[in-house]
Structures are given as structure tokens and as C-alpha cells.
Amino acid sequence: MRSNKSRRDFLTGAGAIAVAGLPIAAARSTGALGQTVTTSGLEYRTVAELASGLARRQFSAAELVEHAIARIEALDGPINAVVVRDFERGRSAAVQADAALRRGEARPLLGIPMTVKESFHVAGLPTTWGIPRFKDWRATQDAVVVARAKAAGAVVLGKTNVPLLLSDVQSFNEIYGTTNNPWDLTRTPGGSSGGSAAALAAGYVPIELGSDLNGSLRAPAHYCGVFAHKPSLGLVPLRGHTPPATPALPVEIDLAVAGPMARSAADLELLLNVIAGPDEPMATGYRMALGPPRHDRLQGFRVLIVDTHPLLPTAQSIRTAIDRFAEKLEKAGAKVARSSPLLPDLAQMARTYMLLLMSLAGADMPAEAHRRLQGVAAGLPAEDQSLSAMRVRGIVLSHRDWIAADNVRRAIQQQWRDLFREWDVVVCPAEPIPAFPHDHAPREARRLDIDGRDFPFSDRVVWPGVATLPGLPATAVPIARTETGLPIGVQVIGPYLEDRTTLAFARLVERELGGFVRPPRFI
């Protein structure tokens, strides 16, 4: 029987509790940033470990939630990841979860605390997308994925920070301020799911909901050393991942997905199972079926390694980490190659991606600015195929030209299908550099520093676009750290609707080669 400990007893008691058979002593310690913080061993456990402890009555959902709240209150000031807090409703939900556990209910996330990206609607909480004029706008209904997580028993404690309009690889805005990377407070945690990645790395909660159009799941995972999964396009519904004061309609957006973030590959798959499936049929209990993974051992995987891009260099630290990772895969028995004639033309992919991506931005641009850029685009030489030129052309893309670009995408998708007959996964960088120092200058004034050389800041999208353009699943996996201790991750890309293959590969890598490591100053 679970004891009726008070919150104070649970957080500061000297007694030991256990999670999945692991003895865990609660104690007060000095936190990463000088604060006094209570540790109990729960901070970095997986959902499976926490669920086991709940099932065995080793602790209650209420106690677990109080522990998460206490950690956020103690550590999040300098990190600023959880910017919307819903602790009282979280406490009530935890009490309800405990009652359900006593009744013998078994739901995949029952009693598990989590937070979600600010851009998802949570009934009663602000959804601003960082836009100052909407700082007081509140959603009246949960986003579909939030509703599914709650139905699975998750206890939502709040929302995590984003950049303005979700349009940066950093996470800062006028309403909530800047989120810092737990590995180095002077650096970005990524964006636009940067608050989510920071919350995971700091040990607040075990799972998060994020979204990805331009690497917004994969870049923060790489910068903060956690896992994330960009699902196959259309697998997870986006209703309720909507700008404030706009209708939350059951429509899909080209290139965009919602997906899970976690500190373990198994937790990614668990949360994906909860949120995946078509929008409306979920009322009848229908779930979209994904095929099984291609292999259950690393020895069976055929892995294509791609670490260079024709339009942008990759930092030496990342290439070195990927090279060592490839060597480890070979030693583990995987078939590894560094090139294939079946790989689609990466330069063509990047240019096509830029056109389609920027056409989304152009659709909402004020008419006067749009007309001005039409003139700029008309003046570009035809031979200018730079990504900067493609950005301008994409913003003013006509419907006719959009169809032409989409036809190129269809051909590229077929090339990927051909490649995945010979290879199971493609491993490539999630980003060209590790986490970089905060840079809040206007986008056009920023530069991307790659090993001491400057490049256009927005050209970083070439790596996220490899999976985004064809709509393929991509699992972000931490694999190493730089000489200065910053995380390095890769994205593992797989065939369309074979999400379980990339997730299985990530799980095997984690088991055999290592995965998440907590930031050194975090306890």
C-alpha cells in the first residue's frame, strides 16, 4: 500500500523509494544554477519506469506531479522553458489519475506529467505563438494531440516557449523572453520547439509535444541532446496547432507535422502511438496502422551515411561525430555505406524545398510587401540558383510554378522509394553546427558561422529539408558531444509511413551505443 506522505515528506524525506526496482533516495542538493533543489531519482526516468512505479504504488501520481512542479520552480528561472504554468489543474488531474490507478485502469500515460509546446491549444491557457497582441488570448478547446495525450492519462503541467510565429531556430519572443540551453545558458536550445527540448534536458518531465516544419523538432533535439521524431507527413493531425484567434480546422498544412520529444526512443514511440491517426475517425477508436520495423537488431540494418551537402558545409565537429558513429554501427554489425547513386540530388532538393517552404510564408504576407518582392524576384538572373534567390522566388511563387515545384517533389519522392529498396535508413546531420550563441539580430543580418566561415543564416535549412520535402519520417538521436561538451545529434530518415523503422533503429542505437546524457551541472 502507498503511504499517505505529505508533499514535503515526499520531496525532502530521507527515506528511499524505488522506480522499476531501482532504489532512489530523496535529498536536497545544489542545482545546476546554484539553487537548492530536491532530488529523488525521478528526474530522468523514462515513462516506462515511472509507470511501473505508479502501478506498484511506490509513489502516487500526485507525488510525481509535485516533484515535477518543484523542479520547474527551482530550476527554470534562468532556463525559462516552461513559460505557461498550469500547476493547479495539473494537481487536480493527478488526483484523478490516482483514483483511476486505484480502480485498476491501464492507460499508456496515466499519471505521467508532461508539458506541450506553446503553439498547441490547451483549453483555458494562452496560445500566442509569441505574438504580443495575443498575449491574453486563450484557447477554448484542446488541440487533437493534446486531447489524445490527456485521454491516455497524461497530466499537462503547462506550455513551453517558442519563437515569434514559430519562425526561428531560436526560442525567444516579447511575451515570454528567451529560453536558454541547459548545456550552456549563453546558447540557444533551438526552435521552434526549443522550450520543449530544454525542459526535457533539464529533467522536468519525460515527454513533450512539439511540431516541425523546418526542423523545429530535430534542431532543438540536436542542440539539447534529446530525442525527437518528425512523423511521416499526415500521420499526426494538426487541428488545434493553430495561430491565436484563427479557426482550429481539421486540415493539414503542406510540409508541417506534429510529433513527440523525449529522452528515450521508447518514449518517443509510446507518445507517437497515442497521438497518431487521422483526425475525425478517432471518435470511433480507429487508429492508423503503421508497419512493423524492418529489423529488430542493428546487425540487420542497411545504413547510408550522408554528412556533406553540396550547398553548405557541415561543421567538422559534426562530421567527426558522424564518422565515429558510423564506425560503431559497423562494429555492431550494421551494413554501412557513405554514398549511393540512388540518393536524390541534395542541391535540387534544397532548392525545391526552399520554393515550397517560402510559398507558405508568402501566402500571409501583406499585399504591398508581396508586390515589392515580386519586383525583386523578376529582377533576379535566371542563372542565380542560390538559396537566397530561391527564398525570394518562393515567397511570390505563382500557382503554376508551385505545381511545377510540386511535380519535382513527386519525382524526388519516387527516388527515395527506390533508395529504400536498397537501404533501410539514411543517417545525416540534423543541423550543420552545434548549438550557437544567442543571436537576436534581424534575420537578414545574422550569419551562420561554420568553422570560422560565414554563410547566410537561413541556409541552415538544407539539412532539415532532406526529410521535410518528401514528407519522410525522421528520428533525432543524440550520438556525441563536441570538445567543449555541447550535444551532437543526427536525424535518422526512413521510408514513408515506416516510422517504426527509424524509431526501432534509434532504440537499438540507444541500447547498444548510448543515448541521452544529462547536462553536467544538472542533478
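The values are calculated or read from the model by the stated rules, or taken from the named source; none is laboratory data. These numbers were taken from a predicted model, which means no experiment stands behind them. Using ideal geometry, Cβ is built from the backbone for each residue, glycine included, and neighbour counts are taken over all protein chains shown.
Whenever a residue of the stretch 125-137 is within 15 Å of residue 167 (Cβ to Cβ) and in contact (Cβ under 8 Å) with a residue 12 or more places away in the chain, its partners that are surrounded by fewer than 19 Cβ atoms within 10 Å (Cβ to Cβ) and among the basic types (Lys, Arg), lying with C-beta atoms within less than 6 angstrom and at least six residues away or across chains, give the pairs 128/135.
Taken over the stretch 82-112, the criterion of being among the basic types (Lys, Arg), part of a helix (DSSP H, G or I) and free of Cβ contacts under 8 Å to residues at least 12 places away in the same chain is satisfied by 102 alone. If you check 115, 128, 140 for being among the β-branched types (Val, Ile, Thr), part of a loop (DSSP other than H, G, I, E, B), within 28 Å of residue 249 (Cβ to Cβ) and under 24 Å from the mean Cα position of the chain (by Cα), only one passes: 128.
Does residue 216 meet the test of being surrounded by 23 or more Cβ atoms within 10 Å (Cβ to Cβ) and farther than 21 Å from residue 69 by Cα? Yes: the conditions hold for residue 216. When the residues of the stretch 230-251 are narrowed to those that are over 13 Å from residue 145 (Cβ atoms) and touching a residue at least 12 places away in the same chain (Cβ under 8 Å), which ends up surrounded by the most Cβ atoms within 10 Å (Cβ to Cβ)? Checking each candidate, the answer is 230. Of the residues examined, residue 158 is one that is on the phi > 0 side of the Ramachandran plot, crowded, with 24+ Cβ neighbours inside 10 Å and at pLDDT 95 or above.
Tell me whether the stretch 114-123 contains one or more residues that are under 30 Å from residue 53 (Cα atoms) and out of contact with any Lys or Arg (no Cβ under 9 Å at 6 or more places or on another chain). The answer is yes, given that some residue of the stretch 114-123 is under 30 Å from residue 53 (Cα atoms) and out of contact with any Lys or Arg (no Cβ under 9 Å at 6 or more places or on another chain).
For the stretch 385-409, the candidate set comprises residues that are among the hydrophobic types (A, V, I, L, M, F, W, C) and more than 14 Å from residue 365 (Cβ to Cβ); within that set, the residue that is nearest to the chain's Cα centre (by Cα) is 387. Within the stretch 376-391, being out of contact with any Leu (no Cβ under 6 Å at 6 or more places or on another chain) and within 15 Å of residue 459 (Cβ to Cβ) holds for 384, 385, 386, 387, 388, 391. Scanning the stretch 57-73 for residues that are assigned to a helix (DSSP H, G or I), of a type in the set (D, E, K, R) and in contact (Cβ under 8 Å) with a residue 24 or more places away in the chain yields 63, 66, 71. Number of residues in the stretch 364-396 that are surrounded by 15 or more Cβ atoms within 10 Å (Cβ to Cβ) and either within 27 Å of residue 496 (Cα to Cα) or β-branched (Val, Ile, Thr) (or both): the value is 7.
The residues on offer are 218, 319, 302, 297, and the sole one that is touching a Phe, Trp or Tyr at 6+ places or on another chain (Cβ under 7 Å) and basic (Lys, Arg) is 302.
Let's see how each residue does on (1) within 28 Å of residue 300 (Cβ to Cβ); (2) exposed (fewer than 15 other Cβ atoms within 10 Å of the Cβ); (3) basic (Lys, Arg); (4) out of contact with any Pro (no Cβ under 6 Å at 6 or more places or on another chain):
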site	(1), (2), (3), (4)
332	yes, no, no, yes
339	yes, yes, no, yes
350	no, no, no, yes
356	no, no, no, yes
362	no, no, no, yes
